[in-house]
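Structure first, then comments.
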Amino acid sequence: MRNGAEILKLGTLTLVWWCIIFGAVWAACYIVGILIPMALSSYESDAARMTAETCRALTPILSVLVFIPINAMFMVLFERRGLAIFTVRLGPNRVGPDGYLQTAADAVKLLFKEDITPRGADAFMFTLAPIVFFAPSIFGAMPLLAAVTNYHELFQIVNLPTGIFFILAASSVPVVGIVMGGWASNNKYSLVGGLRSAAQAISYEIPLVLSLVTVCLMAGTLDVVQIAKQQAGGILNWNIFGGGALRGLDTALALKFSNQPPALQELSQKSFDQVLKSSYVEPTMQAIGLGAGQEGLAGIIAAFAVVILIGSILIAYGLYMTGACAEINRIPFDLPEAESELVSGYNTEYSGIKFAIFFLAEFTNLFIVASIAAVMFLGGGDCPVPAWLGTMLGGPVIESMINQALTPLIQIKLVDPPTLFAAIWVILKVYGIVFFAVLIRGTLPRFRIDQLMDFGWKRLIPLSLIVFVLVVFAREFVNVHVGS
Amino acid sequence: MATDTEVDLTPRLKTDEMLINMGPQHPATHGVLRLILTLDGEIVRHTEPILGHLHRAQEWQGQNRTWFQYQALIDRVDYLSGMFTSWAMARACEVVDGCEVPERAEWLRVMVSEMNRITSHLLWLGTYLIDLGAMFGFPFYPFREREKLLELFEEIAGQRMMFNYIRIGGVMRNPKDAWLSKLKRFTEEFPDRVDEYEAIVTENPIFLKRTKGVGILRKELGMDYGITGPSIRASGVNIDLRRTKPYSVYPKLKFDVPVNDRDGDTFDRYIFRIREMRESNEIIKQCLDMLPQGEISGKKQIAGLRVKAGEGFAAVESPRGTLGCYIISNGSDRAYRIKWRNPSFCNLSILPELLKNHPIADVMAIFGSIDVILPDVDR
Amino acid sequence: MSETPAAKPPEEPKGPGLCGQFLKDHGIATTRLPDSCNVETIEIDGAHLEAAMKLLRGSSEIKLDYLVAVSGVDSADTFDSVYQLWSYTNNNELIVKVRVKKTDVVEGQLPLVPSLARFWSAANWHERETFDLVGIRYYGHPYLRRILNVWDWDGHPLRRDYKQLVDALNDKAPGSMR
């Protein structure tokens, strides 16, 4: 089957490029953040200490700067090859081995292209627009770094107590760049594209933010590291499945399949509603008049609340993905650059390096929204296998084996096992979402601008408010993120 | 200060209509149509199409090339349905000349033309989805089937698009048995493929939103503008030359001509093209079963081919509508006057009416739905 | 290429056909020309064209409501404007010709034929095309402007006496057909 072979090739390509991207990023971080300070630690001068500290402080920004261009290259290639598979084609496979270097060649081409400023354009604004568009994707994602690396010491510095708030604030800046570019290009298509983009971003940011606020409400914190950590312990603890609301079910399953750990021995004798009891909030039940002896009714209410909570969160996840798609102008919401109407929208007049920056930022934004989804909904760096099942399947044994094999590397701090495992899961999740976005792109036609607005204001925003309110109530009845 | 109390309440904000120039180098104008749109906000108030960017003087060439040379040129008039342009001219010449076309040639003509109709509609389907913004993904599926047909064309005519297969008096070449069995296999699997397209597109909510109720073509308006083909059949006018003015062996074939019972919108135009593809497939099946043996050309294919003096008009039902050819011959080896009646040219003339008061995003949805091929417009 | 269509063997002048008779009943005189491939062909005076077309299009029994094409022909001694009329509902066909004698055309001006575009939208672009290529001026046309050639093109390419201006490309290849 030719398709199978193509999928295999895409898989290989992805693995190779992942090694290139993350190898390069980690190499840069390791050299600047660990090797240089280690080398400098033998000198006992203030200057040396200062230099070492500066290097360590610069590591996060360096990692992002190394990461963004290589990653964008990979994502473009990934998208093109992925789309090719969906659309019964082969995709780029000529440059380098099996087309691996196609986008690298494209990047080189874009850099050497003539940089044209159209006559009548506002040259200053025209130059500023790509910068304003691109800059937020560098600093906006900083707090996420700490979350996705499992709070690695090098990246602790970028964590903020109000992380998600900062990320959202930063991610709404690029629209200014789009409007700027559209206005400064002195082209009607660009102008319409830019203005459309502003309208679209404003309308779709509301459901996007509301769905994330719902998650923050469940988590009780804005700190992305905290949110990621809360969800540790398997797929049922992830926010998308109610953030541990199903703990009762989990426990019951664990008891059924496990070799009866002594601590849980007595629990296993209890009935279903008592298992459920571990997932509802007793004070609330008592507050509405369901005290001891009414566990059955309380259990039913709790079960009901769990269903509502999980349903709401699933909807919130859908809302987030929709809003994110609109936020980063991807099909079916790519109105600002609607090719069949507006030529290319706000970036019609851009060429060369400026266009490359727009392009880069677009794919980086896709990556960022995917990683927000991974951290906020999909448990960050958490392994999807529940802890008890993992233990049964011999997870710790494998882990210690890997640790042992990597001991020399761990000793020179080249590998940090908690970060390594977390990062691998994050990578898989994030690119899974990216793949989903590619799939969407290969399937749907585009909305019309008035239909888009209708959909945003009349469907998504009310829905996100309803979800928000439902979660507020349901959370009171269900144990979420307690004990983890 | 006496004027202090007088406040000017007239609105200061001046709104104006915007002229926007769509094309000729616009990614979605299917070639080089230029539309000058007058926009009120995003609403189109007035449209002026500017044609001729692809004008190749096909009629002038007809007067200055011999019939034999010109035969090879006219596939380029409508490059997506070359069989039909060839056929229209061949028919016009045969009507004027009075030469007999062998039976087998007629069956072969019907067969290849219906294949060509399918390829044309398939390409339309793909590009129309692109017009609606499905940039990747679906548009490539129709091309998969189209590719198979183009390979068959290549085998029989030596060319994938500029066939020059239907000649004055007959056809160029006899198909081999292997070719016929390949075609048979294609016709057997094709309905499933159409089901596949319909599964992806017909009930797609975004597609429905974009097409339902958009660009409604009133029956009377369409008849006033001389619209033909699937576009007018989707608006309820039963004009299909294969049935209303039967030619060739169409009377012997069983097929439906789908006709709508109300004024059609872009969605109807989509669905009627889909139905037409299925019907064409049926026709090919019947042709394969009923193909007789015999000669394939009633006129010697030589460079000095001549057509008797006289004048005549003949038309065929192309994928876009009535494709007519009006020739005046003076008995020499080239035409005295040759005039093409191109369906795209006539169908395009209604565009300004259809676009009126639609948002700019619908311009391409409507323009795509009337299925215009620019070389066919400009000739 | 300046030969004219060879004169057909003179046919017996037939009586007016279906449409000719219909027009005659309504007081419009027509001349019947030899049928072109079994389709009734009539010649009509330019002055009566619009009235005749309105009758043919509006009548319920003839109902020639489909204007297939308007062609211009530069014949031997006339400029013909040829109208192919079909019907959306029945099988009637008719070819109408308006002939303007070349001797009647004022030197330096275009032959004049009344336009149908005002009451038949289909005629609009066809007439523009004929004006552009053959150089027949349809008076009363709302927007008679070149449609296929660029607006400042010289001459009308489908005239038999049309000579394309010699440009650099043609200079290099004098034997070229262009």
Residue in segment B:206-245 that is nearest to the other protein chains (Cβ to nearest Cβ), counting only those that are small (G, A, S) and under 20 Å from the mean Cα position of the chain (by Cα): B:G226
Residues of segment B:303-348 satisfying the condition of being basic (K, R) and at the interface with chain C (Cβ under 7 Å from one of its Cβ atoms): B:R337, B:K339, B:R341
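One line per residue, one yes/no per condition, for (1) free of Cβ contacts under 8 Å to residues at least 40 places away in the same chain; (2) surrounded by 15 or more Cβ atoms within 10 Å (Cβ to Cβ); (3) not acidic (D, E):
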site	(1), (2), (3)
A:L8	yes, no, yes
A:I21	no, yes, yes
A:G33	no, yes, yes
A:V66	no, yes, yes
A:L77	no, yes, yes
A:L83	no, yes, yes
A:D106	yes, yes, no
Verdict on C:G108 being without any contact (Cβ under 8 Å) to a residue 60 or more places away in the chain, small (G, A, S) and part of a loop (DSSP other than H, G, I, E, B): yes
Hits in segment B:349-363 (condition: within 10 Å of another protein chain (Cβ to nearest Cβ) and in contact with a Phe, Trp or Tyr (Cβ under 9 Å, 6 or more places away or on another chain)): B:S349, B:I350, B:E353, B:A361
Selection count, segment C:135-148, where residues are facing chain B (nearest Cβ under 9 Å) and either crowded, with 18+ Cβ neighbours inside 10 Å or under 17 Å from B:G226 (Cα atoms) (or both): 2
Leading residue by the ranking (modelled with the lowest pLDDT) among those in segment B:121-158 that are hydroxyl-bearing (S, T, Y) and touching a Phe, Trp or Tyr at 6+ places or on another chain (Cβ under 9 Å): B:Y141
Residues being over 30 Å from A:V438 (Cβ atoms) and either of a type outside the set (G, A, S) or not assigned by TED's automatic domain parsing to the domain that holds A:G99 (or both) - total across segment A:1-51: 15
Count of residues meeting criterion [hydrophobic (A, V, I, L, M, F, W, C), part of a helix (DSSP H, G or I) and either within 14 Å of the chain's Cα centre (by Cα) or under 22 Å from B:E311 (Cα atoms) (or both)] in segment C:48-78: 2
Matching residues in segment A:439-484 - criterion: being among the charged types (D, E, K, R) and more than 14 Å from every other protein chain (Cβ to nearest Cβ): A:R475, A:E476
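Let's see how each residue does on (1) touching a Leu at 6+ places or on another chain (Cβ under 9 Å); (2) within 18 Å of A:I138 (Cβ to Cβ); (3) not small (G, A, S):
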position: A:L40; (1), (2), (3): no, no, yes
position: A:A52; (1), (2), (3): yes, no, no
position: A:C55; (1), (2), (3): yes, no, yes
position: A:T59; (1), (2), (3): yes, yes, yes
position: A:I70; (1), (2), (3): no, yes, yes
position: A:R89; (1), (2), (3): yes, no, yes
position: A:P92; (1), (2), (3): yes, no, yes
Residue in segment A:398-405 that is in contact (Cβ under 8 Å) with a residue 40 or more places away in the chain and either within 14 Å of chain B (Cβ to nearest Cβ) or out of contact with any strand residue (DSSP E or B) (no Cβ under 6 Å at 6 or more places or on another chain) (or both) present: no
Some residue of segment A:370-389 being closer than 25 Å to B:G133 by Cα and either away from chain B (no Cβ under 14 Å) or touching a residue at least 24 places away in the same chain (Cβ under 8 Å) (or both): yes
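Per-residue answers, yes or no, for (1) at pLDDT 85 or above; (2) touching a Ser or Thr at 6+ places or on another chain (Cβ under 9 Å); (3) not β-branched (V, I, T):
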position: B:I227; (1), (2), (3): yes, yes, no
position: B:I232; (1), (2), (3): yes, no, no
position: B:D268; (1), (2), (3): yes, yes, yes
position: B:R278; (1), (2), (3): yes, no, yes
position: B:I296; (1), (2), (3): no, no, no
position: B:Q301; (1), (2), (3): no, no, yes
Counted residues, segment A:86-109 - those being more than 14 Å from every other protein chain (Cβ to nearest Cβ) and touching a helix residue (DSSP H, G or I) at 6+ places or on another chain (Cβ under 8 Å): 12
Subset of segment C:149-160 (residues that are of a type outside the set (V, I, T) and either in contact with a Gly (Cβ under 9 Å, 6 or more places away or on another chain) or within 7 Å of chain B (Cβ to nearest Cβ) (or both)): C:N149, C:G155, C:H156, C:P157, C:L158, C:R159
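Yes/no per residue for (1) in contact with a Pro (Cβ under 6 Å, 6 or more places away or on another chain); (2) in a loop (DSSP other than H, G, I, E, B); (3) of a type in the set (A, V, I, L, M):
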position	(1), (2), (3)
A:L154	no, no, yes
A:L160	yes, yes, yes
A:F165	no, no, no
A:L191	no, no, yes
A:I240	no, no, yes
Scope segment A:406-452; condition within 30 Å of B:D362 (Cβ to Cβ) and assigned to a helix (DSSP H, G or I); matching residues: A:F436, A:A437, A:V438, A:L439, A:I440, A:R441, A:I449, A:D450, A:Q451, A:L452
Positions within segment B:119-178 being more than 21 Å from the chain's Cα centre (by Cα) and basic (K, R), in sequence order: B:R173, B:K176
Residue check for A:G379: buried (at least 17 other Cβ atoms within 10 Å of the Cβ), under 28 Å from A:Y151 (Cβ atoms) and modelled with pLDDT under 85: yes
Within segment B:211-315, helices (runs of 4 or more DSSP H) holding 3 or more residues that are touching a His at 6+ places or on another chain (Cβ under 9 Å): B:266-290
One residue from A:S203, A:S211, A:S197 being under 15 Å from the mean Cα position of the chain (by Cα), in contact (Cβ under 8 Å) with a residue 40 or more places away in the chain and in a helix (DSSP H, G or I): A:S211
Output for segment C:89-111, where each listed residue is among the aliphatic types (A, V, I, L, M), more than 11 Å from every other protein chain (Cβ to nearest Cβ) and under 11 Å from the mean Cα position of the chain (by Cα): C:V96, C:V98, C:V100
Scan of segment B:201-228 for residues that are buried (at least 16 other Cβ atoms within 10 Å of the Cβ) and more than 18 Å from B:N347 (Cβ to Cβ), ordered by number: B:V201, B:N204, B:I206, B:F207, B:K209, B:R210
Residue that is farthest from B:E295 (Cα to Cα) [pool: residues in segment B:91-133 that are within 14 Å of chain A (Cβ to nearest Cβ) and not β-branched (V, I, T)]: B:G133
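The values are calculated or read from the model by the stated rules, or taken from the named source; none is laboratory data. Note that the structure is predicted; figures quoted are calculated from it, not measured. Note that we place each Cβ from the backbone using ideal geometry, even for glycine, and neighbour counts take in every protein chain shown.
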